[in-house]
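See below for the structure under consideration.
The values are calculated or read from the model by the stated rules, or taken from the named source; none is laboratory data. Since the structure is predicted, the reported quantities are computational estimates derived from the model, not experimental observations. As a convention, Cβ positions derive from the backbone with ideal geometry for all residues, glycine included, and neighbour counts pool all protein chains shown.
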C-alpha cells in the first residue's frame, strides 16, 4: 500500500438531487495500516452544486465530553 490514499467526497444536492464529487482529496493519515480521514475534514464542510450552484453545509459539529 502507498503512503497516501486519494479519494473523492460524493454527495447528492438537496435542492436538485444532482450527484456531485469533490476532490481529488488526499490523506496521509493511517491507523493500523489503513487510511484514515481527519474528523476536522469530515465534520464541517460546505459544498456548492455543480448543476444548480446551491451551497450546502454538513453542519456545525464539534467534539464534546458532555453526554
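Before moving on, here are some points about what is shown:
- Screening residue 30 against (1) surrounded by 10 or more Cβ atoms within 10 Å (Cβ to Cβ); (2) under 10 Å from the mean Cα position of the chain (by Cα) leaves a single unmet condition, (2).
- The lone criterion from (1) touching a strand residue (DSSP E or B) at 6+ places or on another chain (Cβ under 7 Å); (2) at pLDDT below 90 left unmet by residue 33 is number (1).
- The condition of being loosely packed, with under 12 Cβ neighbours inside 10 Å and either modelled with pLDDT of 90 or more or touching a strand residue (DSSP E or B) at 6+ places or on another chain (Cβ under 7 Å) (or both) holds for only one of 42, 53, that being 53.
- When the residues of segment 1-27 are filtered to those that are in contact (Cβ under 8 Å) with a residue 12 or more places away in the chain and not in a strand (DSSP E or B), the one that is surrounded by the most Cβ atoms within 10 Å (Cβ to Cβ) is 13.
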